[in-house]
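Readers should treat all values here as calculations from the given coordinates under stated rules, not as data from a laboratory. These figures come from a predicted structure and were not determined experimentally. Cβ sites come from the backbone with ideal geometry, for glycine too, and all protein chains shown count toward neighbours.
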Amino acid sequence: MRNQDELFAEVEDLLRNYPDEVTISGPREGDLIGKAETFLNVRFPPSYREFLRRWGSLGFGPEEIYGIT
């Protein structure tokens, strides 16, 4: 099983290799992530918080990984 760093490196490779097929909402600041957690009354896992900090949300063709937009 791959760890978080390996998965995130794979995403970065996809972003570099297929820039025209990827949509990114953009990195999200910690305070916005915290506001989303408060509004939803949840605490996101550390890996999802890092995903939000790096990309916000991602789309690869018809696939989308939801985030904060």
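Over the chain, the hull volume per residue, using the convex hull of the C-alpha atoms, is 95 Å³.
What is the helix-to-structure angle for 30-40, meaning the angle in degrees between its Cα long axis and the longest Cα principal axis of the chain, kept from 0 to 90 and rounded to the nearest 10? Around 60 degrees separate the two axes. Based on Cα contacts under 8 Å between residues 6+ apart, the chain shows a relative contact order of 35 percent.
Charge tally around G59: other residues with Cβ under 14 Å, Lys/Arg +1 each, Asp/Glu -1 each, net -4. Label-to-label distance, F39 versus F8, with points set 7 angstrom from Cα along the beta-carbon direction: 2.4 nm. Between E29 and I68, full extension at 0.36 nm per residue minus the direct alpha carbon distance yields a gain of 13.0 nm. Summing charges over all other residues whose Cβ lies under 12 Å from the Cβ of E6, with Lys and Arg as +1 and Asp and Glu as -1, gives -3.
Here the dipole of the chain is about 360 debye; that uses its Cα centre as origin and unit charges on the Cβ of Lys and Arg (positive) and Asp and Glu (negative). Against the chain, whose longest principal axis comes from its Cα atoms, helix 4-17 is set at around 50 degrees.
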